[in-house]
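What follows draws every value from the coordinates through simple rules; no lab data is involved. Computed from a predicted structure; not experimentally measured. Cβ placement follows ideal geometry from the backbone for every residue including glycine, while neighbour counts extend to all protein chains displayed.
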There are 2 protein chains.
Amino acid sequence: MTLKIGLAQLNFHVGNFTSNYNKILDAINTAINQGIDLIVFPELAVCGYPAWDFLEFKEFVDDCESIINNLIPLSTKIGIIIGSPTRNPNLEGKNLHNSAIFMSEGKVNNVIHKHLLPTYDVFDEYRYFEPANLTQCVEFKGIKIALTICEDLWNLDDDPLYTTNPMDLLIKENPEIAINLAASPFSFTHPEDRLKVLKRNAHKYQIPFYYVNHVGAQTELIFDGGSCLIYPDGQIKGLSYFSEGVFSPENENKALEMPSKYDFIYQALILGIQDYFKKLGFSKAILGLSGGIDSAVVYVLLVKALGADNVFAIEMPSPYTSSISNTLAQELVNNCSGKESMIEIKSIMESIEKSLENLFYGLPKGLTEENIQSRIRGLLLMAISNKFGNILVNTSNKSEMAVGYSTLYGDSNGAFSVLGDLYKTEVYELAQYLNQKFDGLIPELIITRPPSAELRPDQKDSDSLPEYDILDKLLYNYIELKKGPLELESMGFEKSIIDRILSLVNKSEFKRFQAPPILRVSNKAFGVGRRLPIVAKYL
Amino acid sequence: MTLKIGLAQLNFHVGNFTSNYNKILDAINTAINQGIDLIVFPELAVCGYPAWDFLEFKEFVDDCESIINNLIPLSTKIGIIIGSPTRNPNLEGKNLHNSAIFMSEGKVNNVIHKHLLPTYDVFDEYRYFEPANLTQCVEFKGIKIALTICEDLWNLDDDPLYTTNPMDLLIKENPEIAINLAASPFSFTHPEDRLKVLKRNAHKYQIPFYYVNHVGAQTELIFDGGSCLIYPDGQIKGLSYFSEGVFSPENENKALEMPSKYDFIYQALILGIQDYFKKLGFSKAILGLSGGIDSAVVYVLLVKALGADNVFAIEMPSPYTSSISNTLAQELVNNCSGKESMIEIKSIMESIEKSLENLFYGLPKGLTEENIQSRIRGLLLMAISNKFGNILVNTSNKSEMAVGYSTLYGDSNGAFSVLGDLYKTEVYELAQYLNQKFDGLIPELIITRPPSAELRPDQKDSDSLPEYDILDKLLYNYIELKKGPLELESMGFEKSIIDRILSLVNKSEFKRFQAPPILRVSNKAFGVGRRLPIVAKYL
């Protein structure tokens, strides 16, 4: 016989046991109605991923166990495999396992633990979990299944991170199929990498692999789904991104079309924005709209994610703001049929400068006064946010966050950052993508004019930074690829630029420490996945 | 023969290879002059601890190797054991080990790797290191030594975190002494816990244990030292806290006197403040002085750490500030012979309210306007900080950070937080301690009057929070002991208070995410050691 397997690619919510339980019940009912034999949920589905230190709370794990106990009776009608933390019965070792619980006929048949615990970048699994100490296939309706959890399939590299490979052991039992429960977050290269790993596994072990992943965003981490079935010959079935549902991949015959880089990024950011608001119970956003490219792109993304009526754009010109900036900002809002308001900050600047007059007497004006403008804007946005309950969304990009060209408590403000994982050159590309997709929503001049913070007369980004194509390449090699100064020099970057930029990046750690969470779309975003000391002296 | 062993308890600086190398050389010369046979440096001494993701940079590890290579020739004159990351020669597993390198007679004799890699609270060691896969004593001048690294001695609990215990294997080789290289950060209970663990080891294995730890602060982590020699009978020699040097514990005969809780906390905070400034190359601090207890205690600590001339106190009264607050703040500054300045914020409040007048037309005043006051103060402090190069120091306490009773981008501002790991009740106790130690520096009324944020007429903290003795007990049980609502109720806390406070704590995660780093003095500080999701729904 062949099993009919359902992959429950769902949008869970960390710690929201009521909502997670209801989604699981709905999916089980859907699967039963579809005649599915075995429904498979992702890794740690019951509590959501990542639950971080909630896993250290006994009552949190009790809640996970309650859900599992409630599901057991349902397994008389359908086989169920679901991810949950479980308690380690041994005294020695960490107190929890990251497990796949397999139930059928009204009882738990097997509890399979994860072997390979990712503890790098955004992952902290060894913080909570004891790795499996035994390997064993499970059996359902006479069919032997190699059941693994996410990272368990990923130890195929030339320089493998782990000393064991669980599938090498499982395959000895001659399973007919493999099932992998995942919580594999998005980066724009990751869907491709993931398919490669699945193909290599299916090819190596010569059995079909069923893969089920989360979809949905949890603060900075976005899950794109990508659940599917992969055959040993490389054929992929039922691949589906950014949608919720119970997929029965054998039945799917739609041709596989991988989205482009910016298709992926666009969908990921929209989901990241929507879930931030929805899961926290908010609907309205506010942002500062400068007439520059970063805030323009964030504005369009917010409008597409939340609806134009839910996005409040505020222009806050100073005496250094060019009139074209205001015009462009308003044109953009009009193009989107959006809502905006303008507050001139000159009088506030004056009242602050007057208050500081005695203290600053005789001292030249400079960076302090530039930062004051940025902080006045931050203050006004937060005041409006407080008054109306609109969430302030940050508009910084990865290049400026890298070198610290933002004002802490000023333009670095916001509940979360939409573009903080995209270099400036990528923001431009995303703007072009949006204009193609939405018929020129963003006024062309916003994209073509030279970028400027407009905090003093005739300021341009290029006054004090290399051109963005050079800067971004250098930053990518340092941040993503972790190349040091010697290696960067051998690649052809100028030594003086390397020294200056790397030192700027390292010295800005204190600003990034206090930055908002950033929607992660690359393999190395600032935030939880990149941990560096502030009080250090390196480069 | 007996070895004369020197414990190099030094203040390293993460990534500052020049300074670390010079300290190591100085210590070796000192030890040679003292006739020491074997000098022992702490865990990861060459790069400083914690180096975090710098360990993922190849050239950073190259720099560690260079130092080691430079030290080898010196081992003709003295035995050297030093902590450093080393490369894992095996393809499989993580690329680094956390190692103790033992050199003598001009060559490396052994490289011993750490077995137990702490990956909890502030520790992330499995993120970088592969655990040791072999256990072996080292031998120096005919004496067999059980050489371990920090956590390797800590698996003695009833509920042990790890499945192996390296000393159980090492003891089979009949070593005469044990040496442990540590990087064990301070909490006010940790010196006591550490001695207990060392005593249990010395007693269990019936050999003397030499222990060497870091001293100094690295952003949030403070290392108190506490290097010593412990004999099987429990006798402790040469125990030394908060001081740098090469200690030869056999020779020390000073009686052991453990500092009190607030002695420890005081010394830790002073070191934490001093190293933040010194290691970043700054000398001057600024803070907002309200006349309340938190800023008063921070002010005194800054004055003691940096000198009164280096601390600039700013009073920023609003129309809601009582005149006694200003009087008390000034009295405190006078008591310390300090420098202060006053800036009234009323006119700035008015200019901001005027700018928002149209937008806020007809809406009642409230929290928004309270937050505006706090953010004006934050803005002014940052402006003065920018203009004069004074580092802004945060004055929040752990209770208010827990429940979110601080204004993001307002009073939550600062490069680092001095009191963020002390509950309000502990801040009061620390104030009493300081007044005893320094003869009533803090005006008594600052300590005795009811706490208030003074953001609206007649506001008091107790208007909206339980009394601090109840609140702090509840917070301690939830945050430090991770007790859930059911357990807290069974302890006698009122259900309505539990529900309200736990919900406030969890909902304030977004504020703490953007808070400054906090000098850690407890076993569970907010920051890197406590990782919780923002977009979650639990309790």
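Relative to the Cα centre, the charge distribution of the stretch A:5-252, modelled as +1 at Lys and Arg Cβ and -1 at Asp and Glu Cβ, gives a dipole magnitude of about 620 debye.
Centroid-to-centroid, using Cα positions, the stretch B:104-126 and the stretch A:223-298 are 42 Å apart. Its relative contact order, with pairs defined as Cα atoms under 8 Å and 6+ residues apart, puts the stretch B:267-461 at 25 percent.
Distances between copies of A:ASP463, taken at a point 7 Å out from Cα along the Cα→Cβ vector and listed shortest first: 4.4 nm. Taking square-rooted eigenvalues a ≥ b ≥ c of the alpha carbon gyration tensor, is the stretch B:212-276 rounded, prolate or oblate, where a/c under 1.5 means rounded and, failing that, a/b exceeding b/c means prolate? Cα axes put the stretch B:212-276 in the prolate bin.
Counting only C-alpha contacts under 8 Å and six or more residues apart, can you give the relative contact order of the stretch B:403-539 as a whole percent? Working shown, then result.
On the way: 110 pairs, mean separation 53.6, N = 137.
It rounds to 39 percent for the stretch B:403-539.
Shown for B:ASP309: label points 7 Å from Cα along the beta-carbon vector, and their distances to the equivalent points in the other copies, 6.5 nm in ascending order.
Taking the Cα centre of chain B as reference, the dipole from Cβ charges on Lys and Arg (+1) and Asp and Glu (-1) amounts to some 500 debye. Shown for the stretch B:5-258: lysine pairs separated by 8 or more places, or found on different chains, whose C-alpha atoms are under 14 Å apart, numbering 9.
Judged by the gyration tensor of its Cα atoms, with axes a ≥ b ≥ c, the stretch A:450-539 is oblate; a/c meets the 1.5 cut and b/c is at least as large as a/b. Near B:ARG87, the amide H atoms lying under 5 Å from its own belong to B:HIS97; only residues 5 or more places off or on other chains count, and H is placed 1.01 Å from N. Summarising the amide proton neighbourhood of A:ASN109: residues at separation of 5 or more, or on other chains, whose placed amide H is nearer than 5 Å comprise A:PHE102, A:MET103, A:SER104.
Students often forget the sequence filter, so: which lysines lie under 19 Å Cα-Cα from B:LYS460 once same-chain residues fewer than 8 apart are removed? Here the lysines satisfying the reach criterion relative to B:LYS460 are B:LYS365, B:LYS398, B:LYS424. Peptide A:527-533 shows a mean partner chain C-beta count of 6 within 10 Å per residue C-beta. The trypsin sites (Lys or Arg not before Pro) of the stretch A:334-393 meeting both criteria, a DSSP state outside H, G, I, E and B (loop) and at most 13 other C-beta atoms within 10 angstrom of the site's C-beta, are A:LYS365. Restricting attention to the protein assembly as shown, close to 50% of DSSP beta bridges with both partner residues there are antiparallel. Of the GluC sites (Glu not before Pro) found in the stretch B:149-214, those that fall in a DSSP loop while having at most 15 other beta-carbon atoms within 10 Å are B:GLU176. Across identical copies of the chain, A:ASP439 has label-point separations of 8.1 nm, listed in ascending order, with the point defined 7 angstrom from Cα along Cα→Cβ.
Panel order for B:MET316, B:MET342, by other beta carbons found within 10 Å of each beta carbon, from fewest to most: B:MET342, B:MET316. Restriction of the chymotrypsin sites (Phe, Trp or Tyr not before Pro) in the stretch A:205-300 to DSSP coil positions whose beta-carbon has at most 15 other beta-carbons within 10 angstrom yields A:PHE282.
Provide A:LYS483, B:LYS58, B:LYS237, A:LYS398 in ascending order of the number of other Cβ atoms located within 10 Å of each residue's Cβ, fewest first.
Details: A:LYS483 22, B:LYS58 14, B:LYS237 19, A:LYS398 27.
Listed from fewest to most nearby Cβ atoms, that is B:LYS58, B:LYS237, A:LYS483, A:LYS398.
Round to the nearest 10 and give me the degree value, 0 to 90, for the angle of helix A:293-306's Cα axis relative to the longest principal axis of chain A. Taking the Cα atoms of chain A, the angle to A:293-306 is about 40 degrees. Here the stretch A:320-366 and the stretch B:476-539 have alpha carbon centers that stand 39 Å from each other. Only the Cβ atoms of Lys and Arg (+1) and of Asp and Glu (-1) were treated as charged; on that basis the dipole of the protein assembly as shown about its Cα centre amounts to roughly 120 debye. Take each residue in A:345-358, count the other chain C-beta atoms within 10 Å of its C-beta, and the mean is 5.
In percent, how large is the relative contact order of chain B, given Cα pairs closer than 8 Å and 6 or more residues apart? Mind dumping the intermediate values first?
Values: 1041 pairs, mean separation 62.2, N = 539.
It rounds to 12 percent for chain B.
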